[in-house]
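Novice: Could you have a look at this structure, given as structure tokens, before my questions?
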Amino acid sequence: MVKSTNFSQQANQKIIRREEESADPPFEETYKKLFDEIRIGKATSKMRNYENLFVVEECELPLIDLELLKGREFEREECKRKIAQASQEWGFFQVVNHGISQDVLLKMRKEQMKLFKKPFHEKMNDKQLNFSAGSYRWGTPSATCLQQLSWSEAFHVPLTDISNSIHHPTTLSSTMEQFATTVSELAHNLARILSERMGYKSKYFRETCLPHTCYVRMNRYPACPISPQVFGLMPHTDSDFLTILHQDEIGGLQLVRDGKWISVKPNPEALIINIGDLFQAWSNGVYKSVEHRVVTNKAKERFSTAFFLCPSYDTEIRSCFEPSVYKRFTFREFRQQVQEDVKKYGYKVGLPRFLVSTH
């Protein structure tokens, strides 16, 4: 019995030493039971739509040059029309000449890579990094099978954390401040354009999506030894109005189009924009929040940075047209329902929970 206890202590100490030395989260140690299932051949039968992991084609998202918004009236209107059309037909598009300098984007990527290279135990210490508790996230605590596990780590940082860090400035905080300020303005401008194309002129997004409700998420997807049997980020839709993504050249982002998964070809000059659940509900289903995911890579790590345009929890989400496809709900109610579903089923159900009953 003593030998068994000593062995357990030695094993725990080994894991602790590994965490102190390694930058990677301890995926295999933490999710050992799920990895054991793959070794004995039980994992595949538990996976939902496992065969859909494999993609049949690569595509380029609709590309929109925002420089046209500074042009003559017919150029501005044509640009806005393309933004709305892509939001209706794809739920995703990419933009160039977006107003965020390549210098800021490159500095952001450099600082992000430095941050993720810190030892795992340091990344877990939010206070040391001047971030709110719980900002650092990795894996999927609720995972009951490998397909529910996200092989990734992230810093999920509210804009107020970034602005408050100016009292203890670092290269990371000043770079994040530059990135967040410019990308936030882009998100608000795109939201305004999309709402005006619906014939709805309002300060709704400016009044509800504030610095303490919006956030930046820095993502890292480590190389994965069992790719493609586990996701970098499991299939989901975004629970916000708009997401703006800057990704590296590795690729891995995939989305559903015409009922099948397609792979998005990286464009280093562009930012990717996608519609979130709240905009789909607000537009009465005109703009589409599309399911997407990130796949892992056996040999290479991947980095991306996302900005999420979110309202306060008390904001009521309701259609700008009647009859409405969706019930009215607050952002808090939506988030609580998502969390309950993830806990119960292992995945997000989302907007179908809020459809108006036809009975």
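The values are calculated or read from the model by the stated rules, or taken from the named source; none is laboratory data. Everything numeric here is computed off the predicted structure, so don't read it as measured data. Cβ: placed from backbone, ideal geometry, glycine included. Neighbour counts: every protein chain shown.
Novice: Looking at LEU186, is it crowded, with 18+ Cβ neighbours inside 10 Å, closer than 27 Å to LYS118 by Cβ and at pLDDT 90 or above? Can you show your working first?
Specialist: On the way: crowded, with 18+ Cβ neighbours inside 10 Å: yes; closer than 27 Å to LYS118 by Cβ: no; at pLDDT 90 or above: yes.
Taking the combined requirement at face value, the residue does not satisfy it.
Novice: Going by the conditions given, is ASP258 out of contact with any strand residue (DSSP E or B) (no Cβ under 7 Å at 6 or more places or on another chain), closer than 22 Å to THR140 by Cβ and surrounded by fewer than 24 Cβ atoms within 10 Å (Cβ to Cβ)? Walk me through it before giving the result.
Specialist: On the way: out of contact with any strand residue (DSSP E or B) (no Cβ under 7 Å at 6 or more places or on another chain): yes; closer than 22 Å to THR140 by Cβ: no; surrounded by fewer than 24 Cβ atoms within 10 Å (Cβ to Cβ): yes.
When the stated conditions are applied, ASP258 does not pass them.
Novice: Quick check on my filter: what residues within the range 137-154 are in contact (Cβ under 8 Å) with a residue 12 or more places away in the chain and out of contact with any Asp or Glu (no Cβ under 9 Å at 6 or more places or on another chain)? Can you show your working first?
Specialist: Looking only at the range 137-154, we keep the residues that are in contact (Cβ under 8 Å) with a residue 12 or more places away in the chain, and these are 137-140, 142-154.
Selection gives THR140, SER142, ALA143, THR144, GLN147, GLN148, LEU149, SER150, TRP151, SER152, ALA154.
Novice: Filter the range 324-348 down to the residues that are surrounded by 15 or more Cβ atoms within 10 Å (Cβ to Cβ) and under 19 Å from ASN284 (Cα atoms) and list them by number.
Specialist: SER324, VAL325, TYR326, LYS327, PHE329, THR330, PHE331, GLU333, PHE334, listed by residue number.
Novice: Of the residues in the range 108-161, how many are more than 24 Å from LYS32 (Cβ to Cβ), touching a helix residue (DSSP H, G or I) at 6+ places or on another chain (Cβ under 8 Å) and part of a strand (DSSP E or B)?
Specialist: Qualifying residue count, the range 108-161: 2.
Novice: Hey, could you check the range 309-323 for residues that are of a type in the set (S, T, N, Q) and modelled with pLDDT of 95 or more and say which is farthest from ARG353 (Cα to Cα)? Working first, answer last.
Specialist: Restricting attention to the range 309-323, the residues satisfying the condition of being of a type in the set (S, T, N, Q) are 312, 315, 319.
When the remaining residues are screened for being modelled with pLDDT of 95 or more, the result is 312, 315.
Details: SER312: 20, THR315: 18 Å.
Across the range 309-323, the extreme among qualifying residues is SER312.
Novice: Right, another one. PRO311 passes all but one of (1) touching a residue at least 60 places away in the same chain (Cβ under 8 Å); (2) not in a loop (DSSP other than H, G, I, E, B); which number fails?
Specialist: (2)
Novice: Name the residues in the range 266-305 that are in a strand (DSSP E or B) and either basic (Lys, Arg) or closer than 24 Å to ARG197 by Cβ (or both), would you? Break it down stepwise before answering.
Specialist: Taking the range 266-305 and keeping what is in a strand (DSSP E or B), we get 271-275, 292-295, 302-305.
Across the range 266-305, the qualifying residues are LEU271, ILE272, ILE273, ASN274, ILE275, HIS292, ARG293, ARG302.
Novice: Please verify whether GLY134 is of a type outside the set (Phe, Trp, Tyr), surrounded by 14 or more Cβ atoms within 10 Å (Cβ to Cβ) and on the phi > 0 side of the Ramachandran plot, treating the condition exactly as stated. Walk me through how you get there before you give the answer.
Specialist: On the way: of a type outside the set (Phe, Trp, Tyr): yes; surrounded by 14 or more Cβ atoms within 10 Å (Cβ to Cβ): no; on the phi > 0 side of the Ramachandran plot: yes.
It is false that GLY134 is of a type outside the set (Phe, Trp, Tyr), surrounded by 14 or more Cβ atoms within 10 Å (Cβ to Cβ) and on the phi > 0 side of the Ramachandran plot.
Novice: Another question about this same structure. Which residue, of SER202, SER227, is surrounded by fewer than 20 Cβ atoms within 10 Å (Cβ to Cβ), over 21 Å from GLU291 (Cβ atoms), touching a Ser or Thr at 6+ places or on another chain (Cβ under 7 Å) and at pLDDT below 95?
Specialist: Testing whether each residue is surrounded by fewer than 20 Cβ atoms within 10 Å (Cβ to Cβ), over 21 Å from GLU291 (Cβ atoms), touching a Ser or Thr at 6+ places or on another chain (Cβ under 7 Å) and at pLDDT below 95 leaves just SER202.
Novice: A further question on this structure: Which pairs do you get when a residue that is touching a residue at least 12 places away in the same chain (Cβ under 8 Å) and more than 19 Å from HIS236 (Cβ to Cβ), found in the range 320-338, comes within reach of a residue that is surrounded by 15 or more Cβ atoms within 10 Å (Cβ to Cβ) and of a type in the set (Ser, Thr, Tyr), reach meaning Cβ atoms under 7 angstrom, with the pair 6+ apart or on two chains?
Specialist: CYS320/SER283; VAL325/SER319; THR330/THR315
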